[in-house]
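So the structure is just underneath, and the comments pick up after that.
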Amino acid sequence: MGQLHVSAEFDAMARKIDEIAPVLRAEAEKCEEQRALTEDVVRALENTGVLRIGIPSELGGYEFSPSQVVRTIEQLSYHDASVGWTVMAVQFVTGSTAGYLGAEAVADLYPDVPAGRHAVIAGQGTRLGTAVRADGGYRISGRWGFASGIPLATHIHTAAFCAETGEALVFTFPKELATLVDNWDVLGLRATHSIDYVCEDVFVPATHAFAATTMENVHGGAIYRLGLVNLAAVVHSGWALGVGRRLLDELKALVAAKTGTHDAAVDTGWFHAAYAQAEARFRAARAWAMEVWADNEATLDRGEHLSTEQETLTRLMLNNTTWSVHAVGDTVHQWAATTAVRRGDLQRYLRDLDTGTQHITSGPVVLQKCGASLAGLAPGAHWHFLDLVPD
(Lines give C-alpha, C1' and ligand atoms only; values in the text may rest on other atoms or scores of the structure.)
Protein backbone atom coordinates (compact mmCIF):
# COMPACT_ATOMS: atom_id res chain seq x y z
CA MET A 1 0.00 0.00 0.00
CA GLY A 2 3.02 2.29 0.13
CA GLN A 3 4.93 3.97 2.92
CA LEU A 4 4.64 7.53 4.10
CA HIS A 5 6.62 9.95 1.96
CA VAL A 6 8.71 12.46 3.89
CA SER A 7 9.77 15.23 1.54
CA ALA A 8 13.38 16.37 1.31
CA GLU A 9 12.03 19.75 0.12
CA PHE A 10 10.63 20.74 3.52
CA ASP A 11 13.60 22.73 4.82
CA ALA A 12 13.97 24.54 1.50
CA MET A 13 10.27 25.41 1.55
CA ALA A 14 10.57 26.82 5.06
CA ARG A 15 13.42 29.06 3.90
CA LYS A 16 11.43 30.23 0.87
CA ILE A 17 8.48 31.16 3.06
CA ASP A 18 10.78 33.11 5.38
CA GLU A 19 12.08 34.97 2.34
CA ILE A 20 8.61 36.05 1.19
CA ALA A 21 7.36 36.85 4.71
CA PRO A 22 8.02 40.60 4.29
CA VAL A 23 5.79 40.62 1.19
CA LEU A 24 2.99 38.74 2.95
CA ARG A 25 3.04 41.16 5.88
CA ALA A 26 3.37 44.30 3.77
CA GLU A 27 0.47 43.33 1.51
CA ALA A 28 -1.91 42.08 4.24
CA GLU A 29 -4.02 45.24 4.44
CA LYS A 30 -4.25 45.51 0.63
CA CYS A 31 -5.35 41.89 0.43
CA GLU A 32 -8.06 42.54 2.97
CA GLU A 33 -9.26 45.65 1.15
CA GLN A 34 -9.64 43.86 -2.18
CA ARG A 35 -10.96 40.66 -0.52
CA ALA A 36 -8.40 38.52 -2.33
CA LEU A 37 -4.65 38.06 -2.40
CA THR A 38 -2.79 40.75 -4.31
CA GLU A 39 -0.77 40.00 -7.42
CA ASP A 40 2.46 40.49 -5.45
CA VAL A 41 1.40 37.90 -2.88
CA VAL A 42 0.25 35.41 -5.51
CA ARG A 43 3.52 35.82 -7.41
CA ALA A 44 5.53 35.33 -4.20
CA LEU A 45 3.62 32.15 -3.35
CA GLU A 46 4.03 30.79 -6.88
CA ASN A 47 7.78 31.33 -6.66
CA THR A 48 7.96 29.12 -3.56
CA GLY A 49 6.09 26.22 -5.17
CA VAL A 50 4.02 25.84 -2.02
CA LEU A 51 0.91 24.76 -3.95
CA ARG A 52 2.80 21.58 -4.86
CA ILE A 53 3.23 20.34 -1.28
CA GLY A 54 0.11 18.14 -1.51
CA ILE A 55 0.70 16.72 -5.02
CA PRO A 56 2.08 13.15 -5.17
CA SER A 57 5.82 12.94 -5.68
CA GLU A 58 5.38 10.46 -8.52
CA LEU A 59 3.64 13.26 -10.45
CA GLY A 60 6.37 15.79 -9.68
CA GLY A 61 4.89 17.24 -6.49
CA TYR A 62 6.54 17.48 -3.09
CA GLU A 63 4.07 15.22 -1.22
CA PHE A 64 4.81 16.54 2.26
CA SER A 65 4.03 14.29 5.21
CA PRO A 66 1.19 15.36 7.52
CA SER A 67 3.60 16.89 10.04
CA GLN A 68 5.41 18.76 7.28
CA VAL A 69 2.10 20.12 5.96
CA VAL A 70 1.08 21.22 9.48
CA ARG A 71 4.32 23.11 9.97
CA THR A 72 4.20 24.70 6.50
CA ILE A 73 0.64 26.00 6.92
CA GLU A 74 1.54 27.09 10.47
CA GLN A 75 4.44 29.14 9.12
CA LEU A 76 2.37 30.82 6.41
CA SER A 77 -0.51 31.56 8.79
CA TYR A 78 1.90 33.16 11.24
CA HIS A 79 2.76 35.77 8.62
CA ASP A 80 -0.81 36.26 7.35
CA ALA A 81 -3.87 34.27 8.40
CA SER A 82 -5.70 34.74 5.09
CA VAL A 83 -2.66 33.63 3.10
CA GLY A 84 -2.36 30.56 5.30
CA TRP A 85 -6.06 29.74 4.89
CA THR A 86 -5.96 30.23 1.12
CA VAL A 87 -2.90 28.05 0.64
CA MET A 88 -4.15 25.36 3.00
CA ALA A 89 -7.40 25.06 1.04
CA VAL A 90 -5.97 25.21 -2.47
CA GLN A 91 -3.00 22.87 -1.90
CA PHE A 92 -5.26 20.40 -0.05
CA VAL A 93 -7.77 20.19 -2.89
CA THR A 94 -5.11 20.27 -5.62
CA GLY A 95 -3.12 17.51 -3.97
CA SER A 96 -5.93 15.18 -2.91
CA THR A 97 -7.50 15.33 -6.38
CA ALA A 98 -4.21 14.07 -7.83
CA GLY A 99 -4.17 11.28 -5.29
CA TYR A 100 -7.67 9.97 -5.95
CA LEU A 101 -8.26 10.39 -9.69
CA GLY A 102 -7.13 7.84 -12.30
CA ALA A 103 -4.55 8.04 -15.05
CA GLU A 104 -6.72 9.75 -17.68
CA ALA A 105 -7.76 12.61 -15.42
CA VAL A 106 -4.26 13.02 -14.02
CA ALA A 107 -2.81 13.26 -17.54
CA ASP A 108 -5.31 16.04 -18.22
CA LEU A 109 -4.91 17.95 -14.96
CA TYR A 110 -1.25 17.38 -14.06
CA PRO A 111 0.68 17.15 -17.36
CA ASP A 112 3.99 18.59 -16.07
CA VAL A 113 3.98 19.51 -12.37
CA PRO A 114 7.72 20.35 -12.08
CA ALA A 115 7.31 22.88 -14.88
CA GLY A 116 4.27 24.41 -13.19
CA ARG A 117 1.85 22.97 -15.75
CA HIS A 118 -0.90 21.58 -13.58
CA ALA A 119 -4.41 22.41 -12.45
CA VAL A 120 -4.83 24.62 -9.41
CA ILE A 121 -8.06 23.57 -7.77
CA ALA A 122 -10.42 25.22 -5.27
CA GLY A 123 -13.94 24.45 -4.17
CA GLN A 124 -16.14 22.99 -1.50
CA GLY A 125 -17.17 19.51 -0.48
CA THR A 126 -19.55 19.73 2.47
CA ARG A 127 -22.69 21.34 1.01
CA LEU A 128 -23.57 18.77 -1.61
CA GLY A 129 -25.37 19.40 -4.91
CA THR A 130 -26.97 16.82 -7.20
CA ALA A 131 -25.46 14.70 -9.95
CA VAL A 132 -27.35 12.79 -12.63
CA ARG A 133 -25.71 10.10 -14.73
CA ALA A 134 -25.18 10.96 -18.38
CA ASP A 135 -23.42 9.28 -21.27
CA GLY A 136 -19.76 9.12 -20.26
CA GLY A 137 -20.16 10.99 -16.99
CA TYR A 138 -22.49 13.13 -14.92
CA ARG A 139 -24.42 16.37 -15.08
CA ILE A 140 -24.19 18.32 -11.83
CA SER A 141 -26.25 21.18 -10.45
CA GLY A 142 -26.24 23.13 -7.21
CA ARG A 143 -24.90 26.07 -5.29
CA TRP A 144 -21.83 25.81 -3.09
CA GLY A 145 -20.20 28.26 -0.70
CA PHE A 146 -16.81 28.99 0.81
CA ALA A 147 -14.63 28.39 -2.25
CA SER A 148 -11.51 29.68 -0.51
CA GLY A 149 -8.75 30.82 -2.85
CA ILE A 150 -10.82 30.46 -6.00
CA PRO A 151 -9.12 33.43 -7.75
CA LEU A 152 -5.95 31.29 -7.86
CA ALA A 153 -7.76 28.31 -9.34
CA THR A 154 -8.01 26.98 -12.87
CA HIS A 155 -10.45 24.25 -11.83
CA ILE A 156 -13.17 23.61 -9.27
CA HIS A 157 -13.61 20.62 -6.97
CA THR A 158 -17.16 20.16 -5.76
CA ALA A 159 -19.24 17.41 -4.18
CA ALA A 160 -22.68 16.19 -5.20
CA PHE A 161 -24.98 13.25 -4.49
CA CYS A 162 -25.50 10.87 -7.38
CA ALA A 163 -29.27 10.81 -7.95
CA GLU A 164 -29.25 7.13 -8.94
CA THR A 165 -27.07 5.71 -6.15
CA GLY A 166 -27.13 8.32 -3.37
CA GLU A 167 -23.33 8.19 -3.26
CA ALA A 168 -21.46 11.41 -2.56
CA LEU A 169 -18.96 12.06 -5.35
CA VAL A 170 -16.34 14.77 -5.85
CA PHE A 171 -16.13 16.30 -9.33
CA THR A 172 -13.34 18.31 -10.93
CA PHE A 173 -13.97 20.61 -13.89
CA PRO A 174 -12.74 23.91 -15.41
CA LYS A 175 -13.63 26.96 -13.36
CA GLU A 176 -15.27 28.73 -16.32
CA LEU A 177 -18.09 26.15 -16.33
CA ALA A 178 -19.37 27.52 -13.02
CA THR A 179 -20.99 30.87 -12.28
CA LEU A 180 -19.03 32.67 -9.59
CA VAL A 181 -21.07 34.69 -7.08
CA ASP A 182 -19.09 37.62 -5.67
CA ASN A 183 -20.69 37.68 -2.20
CA TRP A 184 -17.72 37.56 0.18
CA ASP A 185 -18.59 40.31 2.70
CA VAL A 186 -17.53 38.90 6.06
CA LEU A 187 -16.01 39.62 9.46
CA GLY A 188 -12.67 37.90 9.01
CA LEU A 189 -10.54 36.00 6.51
CA ARG A 190 -11.66 38.62 4.05
CA ALA A 191 -8.66 38.14 1.76
CA THR A 192 -9.49 34.46 1.13
CA HIS A 193 -12.27 35.42 -1.33
CA SER A 194 -14.28 32.38 -0.22
CA ILE A 195 -17.21 33.13 -2.49
CA ASP A 196 -20.17 31.00 -3.63
CA TYR A 197 -20.46 29.38 -7.05
CA VAL A 198 -23.32 27.86 -9.00
CA CYS A 199 -23.47 24.98 -11.49
CA GLU A 200 -26.46 24.34 -13.74
CA ASP A 201 -26.40 21.02 -15.59
CA VAL A 202 -22.61 21.03 -15.98
CA PHE A 203 -21.22 17.90 -17.64
CA VAL A 204 -18.24 16.24 -15.92
CA PRO A 205 -16.69 13.06 -17.37
CA ALA A 206 -16.73 10.01 -15.11
CA THR A 207 -12.92 10.01 -15.24
CA HIS A 208 -12.93 13.26 -13.26
CA ALA A 209 -14.99 12.01 -10.30
CA PHE A 210 -14.16 10.02 -7.18
CA ALA A 211 -16.05 8.93 -4.05
CA ALA A 212 -16.00 11.62 -1.36
CA THR A 213 -15.44 9.03 1.37
CA THR A 214 -12.59 7.16 -0.32
CA MET A 215 -9.43 6.33 1.57
CA GLU A 216 -7.88 4.38 -1.30
CA ASN A 217 -5.54 6.40 -3.47
CA VAL A 218 -4.55 5.78 -7.07
CA HIS A 219 -1.41 7.91 -7.01
CA GLY A 220 1.01 8.89 -4.26
CA GLY A 221 1.93 7.39 -0.93
CA ALA A 222 0.38 6.73 2.43
CA ILE A 223 -0.81 10.25 3.29
CA TYR A 224 -3.73 9.95 0.88
CA ARG A 225 -5.07 6.98 2.85
CA LEU A 226 -6.16 9.55 5.43
CA GLY A 227 -9.18 10.50 3.29
CA LEU A 228 -10.53 14.00 2.76
CA VAL A 229 -11.73 14.73 6.31
CA ASN A 230 -8.47 13.71 7.97
CA LEU A 231 -6.49 15.58 5.31
CA ALA A 232 -8.59 18.64 6.17
CA ALA A 233 -7.66 18.16 9.82
CA VAL A 234 -3.99 18.32 8.84
CA VAL A 235 -4.26 21.77 7.29
CA HIS A 236 -6.75 23.26 9.75
CA SER A 237 -4.62 22.31 12.74
CA GLY A 238 -1.62 23.99 11.10
CA TRP A 239 -3.65 27.14 10.44
CA ALA A 240 -4.85 27.45 14.04
CA LEU A 241 -1.34 26.95 15.42
CA GLY A 242 0.12 29.67 13.20
CA VAL A 243 -2.59 32.12 14.21
CA GLY A 244 -2.22 31.33 17.91
CA ARG A 245 1.53 31.85 17.93
CA ARG A 246 1.24 35.14 16.03
CA LEU A 247 -1.38 36.48 18.45
CA LEU A 248 0.78 35.71 21.47
CA ASP A 249 3.79 37.33 19.84
CA GLU A 250 1.75 40.41 18.90
CA LEU A 251 0.65 40.76 22.52
CA LYS A 252 4.22 40.29 23.73
CA ALA A 253 5.39 43.12 21.49
CA LEU A 254 2.52 45.35 22.65
CA VAL A 255 3.14 44.88 26.35
CA ALA A 256 6.85 45.62 25.87
CA ALA A 257 5.79 49.10 24.77
CA LYS A 258 3.28 49.53 27.60
CA THR A 259 5.26 48.28 30.58
CA GLY A 260 6.43 50.97 32.96
CA THR A 261 3.82 53.52 31.89
CA HIS A 262 1.33 54.98 34.38
CA ASP A 263 -1.03 52.34 35.81
CA ALA A 264 -0.09 49.86 33.09
CA ALA A 265 -2.33 46.82 33.39
CA VAL A 266 0.43 44.66 31.94
CA ASP A 267 2.53 45.32 35.06
CA THR A 268 0.04 43.52 37.28
CA GLY A 269 0.35 39.97 38.54
CA TRP A 270 -3.06 39.32 37.00
CA PHE A 271 -1.68 39.92 33.52
CA HIS A 272 1.47 37.90 34.18
CA ALA A 273 -0.60 34.89 35.22
CA ALA A 274 -3.00 35.33 32.29
CA TYR A 275 -0.16 35.42 29.77
CA ALA A 276 1.45 32.36 31.33
CA GLN A 277 -1.84 30.46 31.12
CA ALA A 278 -2.30 31.44 27.47
CA GLU A 279 1.22 30.25 26.63
CA ALA A 280 0.60 26.99 28.45
CA ARG A 281 -2.72 26.43 26.70
CA PHE A 282 -1.20 27.08 23.28
CA ARG A 283 1.90 24.97 23.84
CA ALA A 284 -0.13 22.08 25.22
CA ALA A 285 -2.46 22.17 22.22
CA ARG A 286 0.47 22.23 19.81
CA ALA A 287 2.24 19.38 21.59
CA TRP A 288 -0.85 17.18 21.42
CA ALA A 289 -1.44 18.07 17.77
CA MET A 290 2.09 17.02 16.82
CA GLU A 291 1.77 13.87 18.96
CA VAL A 292 -1.43 12.88 17.13
CA TRP A 293 0.17 13.40 13.74
CA ALA A 294 3.29 11.47 14.73
CA ASP A 295 1.11 8.53 15.83
CA ASN A 296 -0.97 8.71 12.66
CA GLU A 297 2.17 8.81 10.52
CA ALA A 298 3.54 5.68 12.19
CA THR A 299 0.31 3.84 11.36
CA LEU A 300 0.32 5.00 7.75
CA ASP A 301 3.98 4.08 7.38
CA ARG A 302 3.13 0.52 8.40
CA GLY A 303 0.77 0.33 5.45
CA GLU A 304 -2.35 0.54 7.61
CA HIS A 305 -5.37 2.82 7.76
CA LEU A 306 -6.12 4.81 10.90
CA SER A 307 -8.22 3.00 13.46
CA THR A 308 -11.58 4.43 14.52
CA GLU A 309 -9.97 5.62 17.75
CA GLN A 310 -7.21 7.38 15.83
CA GLU A 311 -9.75 9.07 13.59
CA THR A 312 -11.71 10.12 16.66
CA LEU A 313 -8.61 11.54 18.34
CA THR A 314 -7.68 13.35 15.12
CA ARG A 315 -11.05 15.10 15.03
CA LEU A 316 -10.92 15.81 18.75
CA MET A 317 -7.37 17.15 18.45
CA LEU A 318 -8.48 19.59 15.74
CA ASN A 319 -11.39 20.77 17.88
CA ASN A 320 -9.08 21.20 20.87
CA THR A 321 -6.45 23.03 18.82
CA THR A 322 -9.00 25.39 17.30
CA TRP A 323 -10.77 26.29 20.51
CA SER A 324 -7.60 26.45 22.60
CA VAL A 325 -6.30 29.04 20.16
CA HIS A 326 -9.64 30.82 20.36
CA ALA A 327 -9.20 31.00 24.15
CA VAL A 328 -5.73 32.42 23.58
CA GLY A 329 -7.32 35.01 21.32
CA ASP A 330 -9.75 35.97 24.08
CA THR A 331 -6.80 36.59 26.42
CA VAL A 332 -5.01 38.66 23.80
CA HIS A 333 -8.18 40.65 23.12
CA GLN A 334 -8.68 41.41 26.81
CA TRP A 335 -5.14 42.56 27.53
CA ALA A 336 -4.53 44.39 24.26
CA ALA A 337 -7.35 46.71 25.34
CA THR A 338 -8.17 49.48 22.85
CA THR A 339 -5.32 48.45 20.52
CA ALA A 340 -7.41 45.41 19.61
CA VAL A 341 -10.27 47.55 18.30
CA ARG A 342 -8.13 49.71 16.03
CA ARG A 343 -7.30 48.70 12.48
CA GLY A 344 -4.06 46.79 12.24
CA ASP A 345 -2.47 43.37 12.46
CA LEU A 346 -3.86 42.51 15.88
CA GLN A 347 -7.44 43.41 15.06
CA ARG A 348 -7.26 41.55 11.75
CA TYR A 349 -5.89 38.41 13.37
CA LEU A 350 -8.62 38.41 16.01
CA ARG A 351 -11.30 38.73 13.31
CA ASP A 352 -9.66 36.04 11.21
CA LEU A 353 -9.57 33.72 14.21
CA ASP A 354 -13.23 34.28 15.06
CA THR A 355 -14.11 33.43 11.46
CA GLY A 356 -11.84 30.40 11.14
CA THR A 357 -13.32 28.73 14.23
CA GLN A 358 -16.66 28.43 12.45
CA HIS A 359 -15.49 25.74 10.03
CA ILE A 360 -17.61 22.60 10.20
CA THR A 361 -14.66 20.35 11.07
CA SER A 362 -14.28 22.14 14.43
CA GLY A 363 -18.00 22.37 15.12
CA PRO A 364 -19.93 21.13 18.17
CA VAL A 365 -21.62 18.20 16.40
CA VAL A 366 -18.27 16.59 15.55
CA LEU A 367 -17.16 17.16 19.16
CA GLN A 368 -20.25 15.42 20.50
CA LYS A 369 -19.62 12.41 18.27
CA CYS A 370 -16.03 12.22 19.47
CA GLY A 371 -17.27 12.15 23.04
CA ALA A 372 -19.78 9.40 22.32
CA SER A 373 -17.07 7.29 20.67
CA LEU A 374 -14.45 7.75 23.38
CA ALA A 375 -16.98 7.15 26.18
CA GLY A 376 -17.90 3.80 24.68
CA LEU A 377 -21.44 4.93 23.83
CA ALA A 378 -21.12 4.18 20.11
CA PRO A 379 -19.85 0.57 20.12
CA GLY A 380 -18.87 -0.73 16.71
CA ALA A 381 -19.32 2.65 15.03
CA HIS A 382 -16.88 4.06 12.49
CA TRP A 383 -16.35 7.41 10.82
CA HIS A 384 -17.99 7.99 7.46
CA PHE A 385 -16.87 11.46 6.35
CA LEU A 386 -18.09 13.69 9.25
CA ASP A 387 -20.59 11.15 10.58
CA LEU A 388 -20.10 8.40 13.17
CA VAL A 389 -22.15 5.47 11.86
CA PRO A 390 -22.78 1.88 12.97
CA ASP A 391 -20.77 -0.87 11.28
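Listed values, structure above:
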read-out	value
Residue match in segment 208-217 (condition: more than 16 Å from the chain's Cα centre (by Cα), of a type in the set (D, E, K, R) and either within 19 Å of residue 356 (Cα to Cα) or not in a helix (DSSP H, G or I) (or both))	yes
Residue count for segment 1-48, restricted to those that are assigned to a helix (DSSP H, G or I) and within 30 Å of residue 299 (Cα to Cα)	7
Whichever residue in segment 50-95 is of a type in the set (A, V, I, L, M) and more than 12 Å from the chain's Cα centre (by Cα) and, among such residues, is nearest to residue 152 (Cα to Cα)	51
Candidates 253, 257, 280 - the one that is of a type outside the set (Lys, Arg), surrounded by fewer than 17 Cβ atoms within 10 Å (Cβ to Cβ) and under 30 Å from residue 311 (Cα atoms)	280
Test: residue 365 is part of a helix (DSSP H, G or I), β-branched (Val, Ile, Thr) and in contact with a helix residue (DSSP H, G or I) (Cβ under 6 Å, 6 or more places away or on another chain)	no
Index of the failed condition, residue 115 passing every other in (1) under 19 Å from residue 194 (Cβ atoms); (2) surrounded by fewer than 18 Cβ atoms within 10 Å (Cβ to Cβ); (3) more than 21 Å from the chain's Cα centre (by Cα)	(1)
Residue list for segment 353-391, restricted to those being among the polar types (S, T, N, Q) and more than 25 Å from residue 87 (Cα to Cα)	368, 373
Criterion violated by residue 304 - all others in (1) among the acidic types (Asp, Glu); (2) buried (at least 16 other Cβ atoms within 10 Å of the Cβ); (3) within 30 Å of residue 376 (Cβ to Cβ) satisfied	(2)
Qualifying residue in segment 360-377 (condition: in the same structural domain as residue 238 (by TED's automatic domain parsing), more than 30 Å from residue 391 (Cβ to Cβ) and under 22 Å from the mean Cα position of the chain (by Cα))	no
Test: residue in segment 237-252 that is of a type in the set (S, T, N, Q) and out of contact with any Leu (no Cβ under 8 Å at 6 or more places or on another chain)	no
Index of the failed condition, residue 391 passing every other in (1) under 25 Å from residue 215 (Cα atoms); (2) touching a His at 6+ places or on another chain (Cβ under 8 Å); (3) surrounded by fewer than 18 Cβ atoms within 10 Å (Cβ to Cβ); (4) modelled with pLDDT of 95 or more	(4)
Test: residue 224 is under 20 Å from residue 96 (Cβ atoms), at pLDDT 95 or above, in contact with a Ser or Thr (Cβ under 9 Å, 6 or more places away or on another chain) and among the hydroxyl-bearing types (Ser, Thr, Tyr)	yes
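For (1) under 24 Å from residue 388 (Cβ atoms); (2) buried (at least 22 other Cβ atoms within 10 Å of the Cβ); (3) touching a helix residue (DSSP H, G or I) at 6+ places or on another chain (Cβ under 9 Å), each residue gets a yes or a no:
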site: 179; (1), (2), (3): no, no, no
site: 182; (1), (2), (3): no, no, no
site: 191; (1), (2), (3): no, yes, yes
site: 203; (1), (2), (3): no, no, yes
site: 211; (1), (2), (3): yes, no, yes
site: 216; (1), (2), (3): yes, no, yes
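The values are calculated or read from the model by the stated rules, or taken from the named source; none is laboratory data. Bear in mind that the values here come from a model prediction, so they are computed numbers and not experimental data. With ideal geometry, Cβ positions are generated from the backbone for all residues, glycine too; neighbour counts draw on all protein chains shown.
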